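Read the figures in this text as sums done on the coordinates, not as results from a lab. All values reported here derive from a predicted model rather than from experimental measurement. Here the Cβ is made from the backbone with ideal geometry for all residues, glycine too, and neighbour counts use every protein chain on show.
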Amino acid sequence: MRLKGVLIALAALLLFGSANPDPYPDDYFASPLKIPLLLAGSFAEMRNNHFHAGLDIKTQGRAGYRVYAAADGWISRIAVAPNGYGNALYVSHPNGYMTVYAHLDKFSDEIQDYVKDLQYSNESFAVQNFPNRDQFPVKQGQQIALSGNSGGSAGPHLHFEIRDERTGFPVNPMLWGMDVVDNTPPRIYRIKVYPVGAGSTVRLQDSRTGGWRTVSAGEDAFIELTRVGGKIVMQRVSKIEASGQVGFGVQTHDYHEGSNNRLGAFRISLRNGLSTLFQSEMNEFSFDQTRYINAHVDYEERKTSGRWVQLSHVLPGNRLPLYEASNNGILDVHEGRNYDLVYKVSDATGNSASFDFSIHGLAASSVAASNGDEAGSTMHHDRPFSLRRSEFVLRAPAGTIYQDEILTYEPTPRQVEGAIYSMVHNLHDPIVPVHKGMSIEITPSGLPVELREKALIAYVSPNGSLSSAGGEWNNGAVTTSVRSFGDFAVTVDSDPPSIRGLNISSGKNMSASGEIRLRIRDSFSGINRYRGLIDGEWVLFEYDSKYSLLRHRFESSLSKGNHTLDVYVTDNKNNEAHLSIPFRR
């Protein structure tokens, strides 16, 4: 009977396939480009305030490569924007996943004509549309666009994503077997050791002098690494001692053949003997969670040195589901014990690098924890917080910060570049990351009534320069929402944007040119909207915000003769500029 059961199970397996099929089959998605896949950016690579959601595929420094559908499906979303993803296509597939193709130069002819009709119908360059399933079906390998440099792209490339349509989460395309040649292991450059909790200390012994450096809670110790005889070892540190609770961080980057770009690691693990103290793995994440990158990394280190150090312990307010951690990755160090730790960093194709080190336990310190609540100024990571002063109000929801902070605030009469109508309000420290928007309200002084609608709040840099934080006049104060600490003051923006013709001037014969190019800029609050007309009729001007460039491609319907171009540009405080230029065509 047992043999019969086994035979039935084998027959069912052959007939119906495995009960747990591979969720990421290597043969489902083909490459979106028919050139070697060299990466300028990897999945979940660290970027300012977000994780990278896909692969940035190099296009040999130029636009115009044919982009192909990675699998059968249908175009379910078309988006055009002057920033962000620029020109982008979203293709839904029968397996429940979606592929995304961004920073495109142009779409295939059928889609391009459809988009242009939408733009003229809406009188807007920026459009978003969700075609029905039968409108634009595609086959694997069908050309759908040309690669480009549109939107927020820093250079020609194709941004390619795979998303789970059920959740909207981007999934690591490398899990699907993207054909990237990679036999190069990641590199581990440095580690950091953090005493956490009152009384914790770390001591590093200098390998050359034998002297000791001690750091306490609230500080950290950087350890440079080098390679000797194929092994990663500490540089200028011969021994690490610690007491109390200790966390760790690592600076590491990945590389692959044919590309010098620094990529993100797929998996980082830190083992304490035979047990896992911490592990992060970059399989997928939610766009709603991506700003938690500021809790995933050492934010202060990033702001001060530019280095990306990934924490191997989980801050209290970090909600990323990327981790497997014992005691949140914190090592409890006891006197007289030795702890053998191993970092292992792996890429998505299985290459890895390892570094092992030891911690020797010292006697614990008797330093007591301070209670910031006695002064009523502790901002807790899991509670709402408010601060009210005579000319300043702060309101922050729960989850604004990642760990508790004793908030500092001080108004000062600092000198700045430009007119301000308030004290400079010094709100805590910019090296502390902020996750959620905080409402700030500043009561101005000496603000003329006629400038109230032009008032806004400005960030004040250490050298006194101003940059817009937005804001509106409301019941005697100026309010806005900010996502960083820093210095703030009330100012005004009453200056209109600027418009400058690049290839057009008054009376110019444009018959030899295929387009009109203009530069539009705003010195403070930023461009809000623009409108271009020829002979009083709306015409399409493409806007590339990174170059401040407006471009109109002449339509074949434009008759020969004299014409008038009118361009209107409005900033975020409703200051408007108007340029009128007669020309011939």
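If neighbour count is taken as other Cβ atoms inside 10 Å, put Trp74, Trp308, Trp212, Trp538 in order from fewest to most.
Listed from fewest to most nearby Cβ atoms, that is Trp212, Trp538, Trp74, Trp308.
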Before anything else, pin down the relative contact order of the stretch 19-95: Cα pairs under 8 Å, at least 6 apart, normalised by residue count, whole percent.
24
Which residues qualify? For Gly152, with a placed amide H closer than 5 Å and at least 5 residues away or on another chain, they are Gly84, Tyr85, Gly86
Kindly rank 259-272, 429-442 from highest to lowest mean number of other beta carbons found within 10 Å of each residue.
259-272, 429-442
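Taking other Cβ within 10 Å of each residue's Cβ, how do Asp382, Asp179 sort, fewest first?
Asp179, Asp382
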Taking a straight Cα-to-Cα line shorter than 19 Å from Lys239, and setting aside same-chain lysines fewer than 8 residues away, one finds Lys192, Lys231
Residues with amide H under 5 Å from that of His253, placed H, sequence gap 5 or more:
Arg187, Tyr189
By the C-alpha gyration tensor axes a ≥ b ≥ c (rounded if a/c is under 1.5, else prolate when a/b exceeds b/c, else oblate), the shape of the stretch 413-477 is oblate
With the cut-off at 28 Å, tell me which of the pairs Lys116/Lys139; Lys454/Lys508; Lys116/Lys436; Lys106/Lys139 have Cα atoms farther apart than that.
Lys454/Lys508; Lys116/Lys436
Short version: what are the Cα gyration tensor semi-axes of the stretch 278-331, square root of 5 times each eigenvalue, largest first, in whole Å?
18, 15, 10
With θ set to phi - 60° and the Karplus curve 6.51 cos²θ - 1.76 cosθ + 1.60, what are the ³J(HN,Hα) couplings of the stretch 82-97 in order, to the nearest whole Hz, using x for Gly and Pro?
x, 9, x, 7, x, 7, 9, 10, 10, 10, 8, 10, x, 7, x, 10
With only helices counted (DSSP H, runs n ≥ 4, each -39500 (n - 2.57)), the per-residue ellipticity at 222 nm for the chain, to the nearest 500, works out to -2000 deg cm²/dmol
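With a ≥ b ≥ c the root eigenvalues of the C-alpha gyration tensor of the chain, is it rounded (a/c under 1.5), prolate (a/b larger than b/c) or oblate?
Oblate is the answer for the chain, as a/c is 1.5 or above yet b/c matches or exceeds a/b.
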Could you give the length gained by full extension between Arg66 and Lys116, i.e. 0.36 nm per residue of separation minus their alpha carbon distance, to one decimal place?
16.0 nm
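Let me check I've understood the local charge: for Gly532, count other residues with C-beta under 13 angstrom from its C-beta, Lys and Arg +1, Asp and Glu -1. What total comes out?
Net local charge, Gly532 excluded: -2.
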Mean-position separation - Cα centroids, the stretch 254-270 and the stretch 499-521, in angstrom:
45
Rounded, prolate or oblate: which fits the stretch 58-174, taking a ≥ b ≥ c as square roots of the Cα gyration tensor eigenvalues, rounded meaning a/c under 1.5, else prolate when a/b beats b/c?
rounded
Quick query: amide H of Asp487 versus all other amide H atoms, modeled in the peptide plane; which residues come in under 5 Å with a sequence gap of 5 or more or a different chain?
Leu427, Val460
